[in-house]
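Okay, structure first, notes after.
Only the coordinates and a few stated rules stand behind these numbers; no lab work does. Just so we're clear, the structure is a prediction, and the values are computed from it rather than from any experiment. We place every Cβ from the backbone using ideal geometry, glycine too, and count neighbours over all the protein chains shown.
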Amino acid sequence: MAFIIHGLDPSLFGSVLDQKQVAVRQGVPPYYVVDESPGFPCRITLDDAAVGEQVALVSYPHHKADTPYAQSGPIFVSCGQPKPGRFVDTIPPALARRKLSLRAYDADGMMVDAALVDGETAMPVILALFDNPHILRIDAHNATRGCFAAHIMRHDGP
């Protein structure tokens, strides 16, 4: 059993990531210049943004489901031209550095299991959750602030 963790597609955020437009928008959505790393985990690259880099704080609907578990919440995304991270059977750096809440969902968007783990040791827990054939996807959240971190999907290809 393999899993894959993809960073979010930058096109989901449109002109929010365009650094030329940032000054014109005057902080809506909020923009930050990174002053410590780790500290601003980009949901596109799945790594923490570097000191001096600019990030946007946006609301992202990470669990669109017609269930009580539907969720949206704040995430950081790096401005400019961030490249989406792609991690097969590997925990991305921004997740490995944090305590994670793993929330396992079935095809109907209902939570069927969950776990609290240190990111660097999350792999065996992810694999154990995917042993349940009803689990379609696992959402990782940063346990401390509860923010969405990444979708973890079953993966059978290269």
Under 14 Å from the Cβ of residue 69, count the other residues' Cβ atoms, weight Lys and Arg +1, Asp and Glu -1, and hand me the total.
-2
For the pair residue 81 and residue 154, the simple spin-label estimate (label points 7 Å beyond Cα toward Cβ) gives in nm 3.8 nm
Calculated FRET efficiency for the pair residue 136/residue 50, C-beta based, R₀ 25 Å, to 0.05
0.15
Label point 7 Å out from residue 108 along Cα-to-Cβ: which residues of the range 46-71 have amide N under 19 Å?
63-71
In the range 105-158, what trypsin sites (Lys or Arg not before Pro) fall in a loop by DSSP, with at most 10 other Cβ atoms inside 10 Å?
145
Peptide ranges 39-46, 65-72, 82-89 listed from the most packed, as the mean C-beta count within 10 angstrom indicates
39-46, 82-89, 65-72
Magnitude of the Cβ-charge dipole of the chain, K/R +1 and D/E -1, about the Cα centre, nearest 20 debye?
340 debye
Across 5 Å bins from 0, what is the distribution of all Cα-Cα pair distances for the chain, in whole percents?
2, 9, 19, 21, 20, 14, 9, 5, 2, 0
Can you tell me the length gained on complete extension of the stretch residue 36 to residue 128, counting 0.36 nm per residue apart and subtracting the Cα distance?
29.7 nm
For the range 135-140, take each phi angle, set θ = phi - 60°, evaluate the Karplus expression 6.51 cos²θ - 1.76 cosθ + 1.60, and give the result in whole Hz per residue in order, putting x for glycine and proline.
7, 8, 8, 10, 9, 9
